[in-house]
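Novice: My questions all concern the structure below.
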Amino acid sequence: MLGIFNKRAKKTEAKERPLLKANLDSDGFAHLLPYFPIGNKLRYFPEFKQELTLNTAIIAYAINNELVYSNNDISWEEENGAFQLYLLGKRLNKIESFCFIVPTVGRGEEELDYARKERLGKDGGFIKGNNITLNGKQSDGRLPILNATVRKQLILKEGHFMGHKVAILDVDPKAFKLIEQRRYVRLKTDIMGEIQTRLGQEPQRCTMVDFSDRAVRIIHDDEGSERPSFREGSTVTLSFDLPKSAEARVIQGKVIRQHDATVVMTLDNIKREKDFEKVELFDIMEIKANLLQQQL
């Protein structure tokens, strides 16, 4: 772990204060950093110009102006309902600044046409004071997005990237958000149910673990019995009770995929009195509203 400023630069450090307030939220960084680890390729664009999106990578963190090159040097533990950050096993009681260190030129710049290169400017848009929007790796259908601010550029005088020009991005957890990318949002559930290939057949116990507008994922629960095999495209029937409803729901759909004990099926028809009818938007919204009561 090395200081990001050499001795000469430290004399002028007072003029280059972080743009962020002192005592940053340790709990926020514990949620942010898994989406933006050192070494991972990221997408970014400067000054909200999404048409200028390029590739970059975080080559180090700078915590309170100290360089950190390994993800293993940072850990967090939950304490009294909040996460506490640790650096090399030592608790970080005060986080005055947290920065990402990135190269000043992003990959893909050569593919931009002349007009976009002019708009990008020099050094990949990493000009002091510029906003940089970083897109992390999509996870579970959600895209991590972080707006950072360029503090400065410099040529590193020490460490693994000595002699290379980098940009220092000030980071604040409050500028981090997860954007839902799926067209249909999946609702996490924990509802007991039964699944069968046709009515009248002995049902198998299962747990509905998520529900969306078009499909449902269940996990087969009967560990002591032989696990049924559902052919892709075959019709299955799912029965389940809702938390705040006395009326059971019986839905038919086709198997999209099965892997081990997990089955994903479409939501095609719902039983009304004695017959099955096509699932309507109202049915989906009503079921979702009831499922949400499980979480409240």
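Novice: Want the number for residue 41 to residue 177: 0.36 nm per residue separation, take away the alpha-carbon distance, what's left?
Specialist: Stretched out fully, the residue 41 to residue 177 stretch lengthens by 47.1 nm.
Novice: Please give, to one decimal in nm, the separation of the simple spin-label points placed at residue 31 and residue 153, each 7 Å out from Cα toward the Cβ.
Specialist: Modelled inter-label distance: 3.4 nm.
Novice: For the residues 265, 192, what sequence is obtained by ranking on other C-beta atoms within 10 Å, fewest first?
Specialist: Lowest to highest Cβ neighbour count: 192, 265.
Novice: Along Cα→Cβ, 7 Å out, is where each label goes; now give me the distance between the ones at residue 131 and residue 143 in nm to one decimal.
Specialist: Taking the two extended label points, one gets 1.6 nm.
Novice: How would you rank 31, 259, 220, going from fewest to most other Cβ atoms within 10 Å of each one's own Cβ?
Specialist: In increasing order of surrounding Cβ atoms, one gets 259, 31, 220.
Novice: What spacing in nm lies between the two simple spin-label points modelled at residue 202 and residue 188, each 7 Å away from Cα in the Cβ direction?
Specialist: Placing both labels 7 Å beyond Cα along the Cβ direction yields 3.5 nm.
Novice: Which FRET efficiency value, to the nearest 0.05, do you get for residue 73 and residue 280 by plugging their Cβ-Cβ distance into 1/(1 + (r/R0)^6) with R0 = 45 Å?
Specialist: 0.25
Novice: Something else: Over 30 Å between C-alpha atoms is what I'm after, so list which of 41/254; 49/188; 94/157; 94/128; 49/174; 90/152 land there. Can you show the working numbers first?
Specialist: On the way: 41/254 38 Å; 49/188 35 Å; 94/157 26 Å; 94/128 25 Å; 49/174 21 Å; 90/152 28 Å.
Cα-Cα > 30 Å for 41/254; 49/188; rest within.
Novice: Sort 260, 268 by Cβ crowding within 10 Å, fewest neighbours at the top.
Specialist: Lowest count first: 260, 268.
Novice: When you have a sec, figure out the Kirkwood radius of region 187-295 from all distinct Cα pair distances and drop it here in Å to one decimal? Mind showing how you got there, number by number?
Specialist: Numbers: mean 1/r = 0.0719 Å⁻¹.
Its Kirkwood hydrodynamic radius stands at 13.9 Å.
Read-outs: derived from the displayed coordinates by stated rules, not from any lab. Note that the structure is a prediction, hence the values are computed from the model and not measured. A quick note on method: Cβ atoms are made from the backbone with ideal geometry, for glycine too, and the neighbour counts reach across all protein chains shown.
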